[in-house]
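The values are calculated or read from the model by the stated rules, or taken from the named source; none is laboratory data. Nothing here was measured: the structure is a model prediction, and the numbers come from that model. Cβ: placed from backbone, ideal geometry, glycine included. Neighbour counts: every protein chain shown. For the accessible areas, the whole protein counts, side chains as well, though only heavy atoms, and no ligand, DNA or RNA atoms are used. Shrake-Rupley method; radii C 1.70, N 1.55, O 1.52, S 1.80 Å.
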Amino acid sequence: MIEAKDLRKTFGTTVAVDGLSLTIEPGEVFGLLGPNGAGKTTTIHMLIGALSPDSGDVLIDGKADPTRADVRKKLGIAPQSISLYDELTAEENLRFFGKMNDLSGGLLKERTAWAIEFAGLAERRRSRVKTFSGGMKRRLNLACALVHDPPIILMDEPTAGVDPQSRNHIFERIEALKNDGRTIVYTTHYMEEAQRLCDRVAIMDRGRILALDTVAGLIAAHGGQSVIEAELDRPPDDADAIDGVLDGTSLRVETDRPLERVAALAEAGLSFRTLQVHQPDLETVFLSLTGRRLRD
Amino acid sequence: MGKVFTLALKDLTLLRRDLFAMFWVVAFPLVFGLFFGAIFGGAGDGARSAMPIVIVDQDQTDGSTAFIDRLDASTAINVEPSDDPEASRDLVRRGKRVACIVVRDGFGKSFGGMFGGESLLEITIDPSRGAEQGMLQGLLQEAMYRSVIDRFRDSTVARESSQSSIDSIRADEGIDPIQKAILLTFMGSLDTFLGTIDPAMYEDAMTFDGGGGIETVEVETESRGPTSFEISFPQAMMWGVIGCAAAFAISIVQERTGGTFLRLRVSPISRAQILAGKGLACFLAITGVLVGMLLVETLILGVRLGNPAGLVLAVVCTGVCFVGIMMLVSVIGKTEQAVAGAGWAAFLVMAMLGGGMVPVFFMPRWMYMLSHASPVQWGITAIQGATWRGYSFTELLPSCGLLVGVGIACYVIGVRVLAITDR
Ligand SMILES: Nc1ncnc2c1ncn2[C@@H]1O[C@H](COP(=O)(O)OP(=O)(O)OP(=O)(O)O)[C@@H](O)[C@H]1O
Ligand SMILES: [Mg+2]
């Protein structure tokens, strides 16, 4: 459905995107995960034709040039920066962007009402956007991308600067869209979001895709082993029999099968004061791919 | 086209809700126009700004009276009679009056010294009012000339004077005999002419164009010059126009940095449509300001509407010009601050040079020449031209042509630059 071939974009001397290729299938939620400055926003803007790549192509539904009107109608974008008219009300913003996307009459009314509901702003729909909190603006920013009911939605950090409650609200709505069969491109630097939402994730750094797979596939390939960390009640009788690193009563074990190992250790007569199992996640994947943490 | 209107409507709503912009667009021009109109105007016919002068008539003849009446008729000066030359000169010295004029004995007899060597008019002028000196001298000469003509209009009076001149020339021993002969021949034939012509026909001939045509026209321009509101309002209107252009230039860069422009670019509309929407909104705002100010001017302040159709043209051309300038200013910088700062700086220069603050006719010559390069001046010229100056279409054409031409050029450049920087 969306295909990018060898996209490249530089700003002056900064190489923002450096030979990026990817294919996004219809109905999938595709995550672009990367630290600040990785080139996620630049990539999104090239995908929607708002930025022209220095080289490379973008195909949407097999056709080049995402700036054609029939393609544009299918796209909804929730930009990273809040892109709303501060002096207009929530409803006026939605109506305006609806009209810009060829909605009118009863459909416009219906979709505006839906979008207000989506953003959870029913009570504030006649308030000007400048009076909104950051989270409310974020929700409206996303709703404006959806008012014309596009099948393809690009969300550039839709949860940035949002409290956990608002974030949860946004998440539930996005999951509903996903279940509805929309194609979603989602950028974030919160790995837990990508893990929860995305069918496939591309891990980006310095304008390049380091790895691209399902979450499980990435973890299996790059996550390494699970880590068991335990504090024992007393030092084990036979320290040598334990396959791990023992330091007094602190035990650390790396393994592919953490639950079986814990069971085996308990069987061997160890009693745990505390026990933690760290399973590899996208953070670990990123760490192992780049030697750096996703966010510091 | 529907979308362009939707875009424009959105922008006008935003403008209406932006108090800062509304101040520049509505409040400031109105206050500017009324304030400067009021302080420079008063009654508006120039009476209050008339030069106060004091006149001492030592001659006390018909001639001197006619001369003083003439001066008094001018609206540019305010004549006050006095008997005491010393006290009158002192008034000037102390700055209470602009000038003191002493009409010396013999003035009437010699027709204001026109046919005599000695000066029969003494002028004392306040040295700090140098600018008015030339004007005053012009007025005095005019009055003198007029009163002489008036008197000559009566052929018997004219004849008396020609005969007395002949007598005094004859009696004068100091004149070179050849000169004397020439003068006597000339005065003699004048005397014969005056003695033989039908008095009614003579009077007709002396009144030029029946009823003193030249006289009337000149007096008219003086007394029916622009009222101060007619000067201050076109200036004020241009401030409103500038306010609109600045507000919209800033709104373009705001949309570009804020991301709403991105949203629009991803909508099924072209960049040309987006910018046309901006242009249309700006144009409507500008014409709205101009029409509003013109209504105040004509309905409340009674400003003359010389060429209504021409005024429509002037308003439209001014709108086109400043929409173009707005578009160009919007790409001066990439941030709101840059555009607001550089844009206002450019607009202020344009306004100052173009007579938006000091009317062009008060400017030193070099600045007056520069003012021709300012769109603000073209706008003021077009609007003044179509209102109280009563320009014809042909006369409006230069300023209107410049407005439209430069407007379109700026628009095209602005759109091009935006297309290049926005990729
Ligand atoms: N308009 C621009 N002009 C100059 N440099 C730019 C521009 N846009 C992006 N860049 C640079 O390109 C690189 C990638 O930026 P981009 O915004 O795509 O990163 P990102 O992954 O979205 O980061 P973030 O998580 O902070 O949003 C950065 O180094 C950035 O400084
Ligand atoms: Mg970004």
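Things to note:
- Delta accessible area of at least 50 Å² on complex formation, residues of segment B:255-288, 1.4 Å probe, chain isolated as reference: B:Thr260, B:Leu262, B:Arg263, B:Arg265, B:Val266, B:Pro268
- Sorted largest first, the principal axis extents computed over the alpha-carbon atoms of chain A equal 79, 47, 33 Å.
- Buried on assembly, segment A:97-125 (at least 20 Å² less accessible surface than by itself, 1.4 Å probe): A:Phe97, A:Lys99, A:Met100, A:Asn101, A:Asp102
- Column: log10 I(q)/I(0), Debye, Cα scatterers of chain B, q = 0.06, 0.08, 0.11, 0.15 Å⁻¹: -0.42, -0.63, -0.88, -1.28
- Applying both filters, DSSP loop and at most 14 other Cβ atoms within 10 Å, to the trypsin sites (Lys or Arg not before Pro) of segment A:261-296 gives A:Arg292, A:Arg293, A:Arg295.
- Sites A:Arg196 and A:Thr131, calculated FRET efficiency, Cβ-Cβ separation with R0 41 Å, nearest 0.05: 0.85
- Highest average packing first - A:145-156, B:253-264, Cβ atoms within 10 Å: A:145-156, B:253-264
- Between B:Phe362 and A:Ser55, the C-beta separation translates, for a Förster distance of 51 Å, into a calculated FRET efficiency of about 0.25.
- Protein-only accessible surface order, largest first, of B:Glu230, B:Glu160 at 1.4 Å: B:Glu160, B:Glu230
- Cα-based helix-to-principal-axis angle, A:258-267 vs chain A, degrees rounded to 10: 30 degrees
- Peptide A:140-152, shielding by other chains (average Cβ, 10 Å cutoff): 1
- With Rh defined as the Kirkwood radius, the inverse of the mean 1/r over Cα pairs, the Rg/Rh of the protein assembly as shown is 1.30.
- Among A:209-217, B:177-185, sorting by the average number of other beta carbon atoms lying within 10 angstrom of each residue, highest first, gives A:209-217, B:177-185.
- Taking chain B and dividing mean pair separation by its residue count, relative contact order in percent (alpha carbons under 8 Å, at least six apart): 18 percent
- Å² of accessible area per residue within chain A, as computed with a 1.4 Å probe and no ligands counted: 45 Å²
- Surrounding net charge for B:Ser165, when Lys and Arg each add one and Asp and Glu each subtract one, Cβ distance under 11 Å: -1
- Working from Cα pairs under 8 Å separated by at least six residues, relative contact order for segment B:51-153 is 34 percent.
- Given R0 = 60 Å, the distance between the Cβ atoms of B:Leu12 and A:Ser288 translates into a calculated FRET efficiency of 0.60.
- Helix B:393-421 and the longest principal axis of the C-alpha atoms of chain B enclose an angle of approximately 30°.
- Above-threshold pairs, the threshold being 30 Å between Cα atoms, out of A:Lys178/B:Lys278; A:Lys137/B:Lys278; A:Lys40/A:Lys109; A:Lys9/A:Lys63; A:Lys178/B:Lys334: A:Lys178/B:Lys278; A:Lys40/A:Lys109; A:Lys178/B:Lys334
- Per the Kirkwood formula applied to alpha carbons, segment A:163-296 shows a radius of gyration over Rh ratio, Rg over Rh, of 1.10.
- Rounded accessible area of A:Cys144 (nearest 10 Å², 1.4 Å probe): 0 Å²
- Cysteines without a disulfide-compatible neighbour (Cβ-Cβ under 4.7 Å), chain B: B:Cys100, B:Cys244, B:Cys282, B:Cys321, B:Cys410
- Treating each Cα of segment A:12-70 as one equal point scatterer and applying the Debye formula with no solvent, the log10 of I(q)/I(0) at q = 0.19, 0.30 Å⁻¹ comes out as -0.77, -1.52.
- Mean per-residue shielding of peptide B:2-14 is 3, counting Cβ atoms of other chains within 10 Å of each Cβ.
- Share of alpha-carbon pairs per 10 Å distance bin for segment A:133-221, given as whole %: 15, 48, 31, 6, 0
- For A:Arg273, neighbours were defined as the other residues whose beta-carbon sits under 14 Å from its Cβ, and their charges (Lys and Arg +1, Asp and Glu -1) total -2.
- For chain A, the relative contact order comes to 21 percent (Cα pairs under 8 Å, sequence separation of at least 6).
- C-alpha long axis of helix B:2-17 to longest principal axis of chain B, angle in °: 70 degrees
- Leaving ligands and nucleic acids aside, the A/B contact buries around 2400 square angstrom of accessible area in total at a 1.4 Å probe radius.
- D (Stokes-Einstein, µm²/s), Kirkwood Cα radius, segment B:268-350, 1.002 mPa s at 20 °C: 146 µm²/s
- Two-site label geometry, A:Glu25 and B:Ala27: point separation in nm, points 7 Å out along Cα→Cβ: 6.1 nm
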